[in-house]
Amino acid sequence: MLLVCVGGGLGAVARYLLSGVINKKCHPWGTFVVNVLGCIVFGICIKFFLLNYINSQFKIFLLSGFCGGVTTFSTFSSETAHLLLGNKSEIKIGLQYLIASILIGLLGISIGYFLPNVFS
Amino acid sequence: MLNLIFVFIGGAFGSLIRYMVSNRVILPYGTLLVNIFGCFILGILSVFVLKRAKYIPQKLRLGLTSGFCGGVTTFSTFSYEVFVYIQKTLYIEALLYVCVSLILGILFVYFGIEFCRLCLKLHLDNKRAKLRQEFLEGE
């Protein structure tokens, strides 16, 4: 449980710093970047766990803690809601953001999942 | 620096709640549940961003939004669950899970906003009524 707390806290701080910097330049893609990065790390970790490279405690720290903390669904939803339901000119960006997040997120997981295969 | 500490504490709490909830509920509904819950809370908090900032101090709000809501919801586990569905060739379930998560997420942000507005309105009406009462009694 402590592992989840520390991992989640670190993840949240990392997300806050990274998405803050990117969101200043191009809103809302900061959240997109942290979500995709989190997905890639998640894919790698789960593969390592399935291959028995890391034990289950480290897995809880990394997956439930850090990856869960660094990625966020709430900010993603609220940004999508504001883009889709707000200004009409922003609907296009909202849809792009929505579809890109889902597809690239899945791609991130697959990349992370299959990346260790390349090296072994 | 203080901002980071607030985000850290919020994220730690959020992650702990997510971990405990998603361990107890059958997959993948745990993730869905925490994501929707986080969206609702974020909707409530987002009302306080501009006009009503005085109700919640800025640092506490940051800890709650970026920290707690961000920590309690997760995009990586959500994507992984979709990935697992696809791997098992359960394409319809994957699509359904994505759609339900997205629609409920957006809907609950909206519910949160409306809920908070309603509460604030009731609160202000109450205050106004009290003031009016005091004013009339004073006369």
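Can you work out which of the residues in the stretch B:11-48 that are in a loop (DSSP other than H, G, I, E, B) and within 18 Å of A:Ser78 (Cα to Cα) is nearest to the other protein chains (Cβ to nearest Cβ)? Among residues in the stretch B:11-48 that are in a loop (DSSP other than H, G, I, E, B) and within 18 Å of A:Ser78 (Cα to Cα), the one nearest to the other protein chains (Cβ to nearest Cβ) is B:Val47. Each residue in the stretch B:52-84 was checked for being in a helix (DSSP H, G or I) and over 23 Å from A:Val70 (Cα atoms), and 3 of them qualify. B:Tyr85 meets the conditions (1) touching a Leu at 6+ places or on another chain (Cβ under 9 Å); (2) within 9 Å of another protein chain (Cβ to nearest Cβ) in every case but one. The failed one is (2). Restricting attention to the stretch B:2-16 and to residues that are of a type in the set (A, V, I, L, M) and modelled with pLDDT of 90 or more, the residue that is farthest from B:Leu102 (Cα to Cα) turns out to be B:Ile5.
Among (1) at pLDDT 90 or above; (2) buried (at least 19 other Cβ atoms within 10 Å of the Cβ), where does B:Ser22 come up short? The one condition B:Ser22 does not meet is (1). Once the stretch A:97-120 is narrowed to residues that are of a type outside the set (A, V, I, L, M, F, W, C) and surrounded by 13 or more Cβ atoms within 10 Å (Cβ to Cβ), the residue that is farthest from the other protein chains (Cβ to nearest Cβ) is A:Pro116. Within the stretch A:61-74, being aliphatic (A, V, I, L, M) and either surrounded by fewer than 17 Cβ atoms within 10 Å (Cβ to Cβ) or more than 8 Å from every other protein chain (Cβ to nearest Cβ) (or both) holds for one residue alone: A:Leu62. Looking only at residues of the stretch A:23-39 that are more than 16 Å from A:Gly105 (Cβ to Cβ) and touching a helix residue (DSSP H, G or I) at 6+ places or on another chain (Cβ under 9 Å), we find that the one that is nearest to the other protein chains (Cβ to nearest Cβ) is A:Asn23. Name the single residue that is modelled with the lowest pLDDT among those in the stretch A:75-91 being more than 8 Å from chain B (Cβ to nearest Cβ) and within 15 Å of A:Cys26 (Cα to Cα). Filtering the stretch A:75-91 for residues that are more than 8 Å from chain B (Cβ to nearest Cβ) and within 15 Å of A:Cys26 (Cα to Cα), the one modelled with the lowest pLDDT comes out as A:Glu90.
The values are calculated or read from the model by the stated rules, or taken from the named source; none is laboratory data. Source: prediction; values computed, not measured. Positions of Cβ are generated from backbone atoms using ideal geometry, with glycine treated the same way; all protein chains shown enter the neighbour counts.
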